[in-house]
1. Looking only at the stretch 1-11, which residues are among the aliphatic types (A, V, I, L, M) and surrounded by fewer than 17 Cβ atoms within 10 Å (Cβ to Cβ)?
2. For residues in the stretch 130-147 being out of contact with any Pro (no Cβ under 8 Å at 6 or more places or on another chain) and more than 15 Å from residue 198 (Cβ to Cβ), which is most open to solvent (accessible area, probe 1.4 Å)?
3. Just the residues that are closer than 20 Å to residue 53 by Cβ, open to solvent by less than 70 Å² (accessible area, probe 1.4 Å) and among the hydrophobic types (A, V, I, L, M, F, W, C), please, taken from the stretch 110-129.
4. Filter the stretch 66-100 down to the residues that are in a loop (DSSP other than H, G, I, E, B) and under 13 Å from residue 55 (Cα atoms) and list them by number.
5. Restricting to the stretch 76-102, name every residue that is among the charged types (D, E, K, R) and out of contact with any strand residue (DSSP E or B) (no Cβ under 9 Å at 6 or more places or on another chain).
6. So, in the stretch 12-43, exactly how many residues are open to solvent by 80 Å² or more (accessible area, probe 1.4 Å), at pLDDT 95 or above, under 18 Å from residue 65 (Cα atoms) and part of a loop (DSSP other than H, G, I, E, B)?
7. Answer with yes or no whether residue 46 is of a type in the set (A, V, I, L, M, F, W, C), within 23 Å of residue 214 (Cβ to Cβ), open to solvent by less than 80 Å² (accessible area, probe 1.4 Å) and touching a helix residue (DSSP H, G or I) at 6+ places or on another chain (Cβ under 8 Å).
8. For the stretch 57-76, which residues satisfy the criterion of being open to solvent by 10 Å² or more (accessible area, probe 1.4 Å) and under 14 Å from residue 17 (Cβ atoms)?
Amino acid sequence: MDEVLDAMFKRTVVPDEEIIKQGDDGDNFYVIEEGTYDCFVNDNKVVSYSNSGFFGELALMYNQKRAATVKSTSNGTVWALDRETFRRIVVQSTYEKRQMYEKLIESVNMLQGLQATEKTNLADALMPKTFQHGEVIVKQGDSADCMFFIEDGEVRIVRRDDETKEEKEIAVCKSGDYFGELALLTNKPRAASAIAISKCKCAELDVKAFERLLGPCKEIMTRNISAYEQQLEKIFGKPTSLAEVDSN
């Protein structure tokens, strides 16, 4: 880590400055210290950053052209790491992590529609998380900033009725299952709570990576919303609109 920090250099940006451009060769990897930035693919904005985040790694890792354009929307500061140092220090550890998640990705049916490079990019974006028995992973009503894929262990999904306050089990998720995507799709608070039944190893995907990498899977996940609503109607005996989840 010290070697990475020592090799980085500071760059100050002004509003509307183009930091990387789609189609260009990759020269640096960037970490945001402060400022706001928009990311575009084919002139369509796909994600925004505010005072945190990073970008520019894909072209360096895969020796490809830039896949997106990033522009600043305010004054800001980023820290850059050049291509050679990035590849020497980062690529080896990234490769090891990628190998670890390849099997997990192949076990998730929803992800099989992704191309090989998309699966690789997803593996690189996943972050390991471990939860103990009884630990609440996500809580109904909370805001959402990530989703999870289960690598090992089991997770109990429960929902509390807003009127009766009765809590019922919706499902038990196991290895190869995923949860937490619903709130990211609907931009609403968590519709249910997720609790580890035993020690559980998960892979976390944050909302920015979700928006950037799982576009091809969103149609599948959106179709699942109606199935979730039907399941909740059977459990609670009344219609439930997950697109209008109460945050209380």
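1. Result: 1, 4, 5, 7.
2. Result: 139.
3. Scanning the stretch 110-129 gives 122, 123, 125, 126.
4. 66, 67, 68, listed by residue number.
5. 84, 87, 88, 96, 98, 102, listed by residue number.
6. Residues flagged as open to solvent by 80 Å² or more (accessible area, probe 1.4 Å), at pLDDT 95 or above, under 18 Å from residue 65 (Cα atoms) and part of a loop (DSSP other than H, G, I, E, B) within the stretch 12-43 amount to 1.
7. On the way: of a type in the set (A, V, I, L, M, F, W, C): yes; within 23 Å of residue 214 (Cβ to Cβ): yes; open to solvent by less than 80 Å² (accessible area, probe 1.4 Å): yes; touching a helix residue (DSSP H, G or I) at 6+ places or on another chain (Cβ under 8 Å): yes.
Here the answer is yes, as residue 46 does meet what is asked.
8. Answer for the stretch 57-76, where residues must be open to solvent by 10 Å² or more (accessible area, probe 1.4 Å) and under 14 Å from residue 17 (Cβ atoms): 69, 71, 73, 74, 75.
The values are calculated or read from the model by the stated rules, or taken from the named source; none is laboratory data. Fair warning: this is a prediction, and the values are worked out from it, not measured in the lab. Backbone-built Cβ (ideal geometry, glycine too); neighbour counts: all protein chains shown. Just the protein is used for accessible areas: all its heavy atoms, side chains included, with ligands, DNA and RNA removed. Shrake-Rupley method; radii C 1.70, N 1.55, O 1.52, S 1.80 Å.
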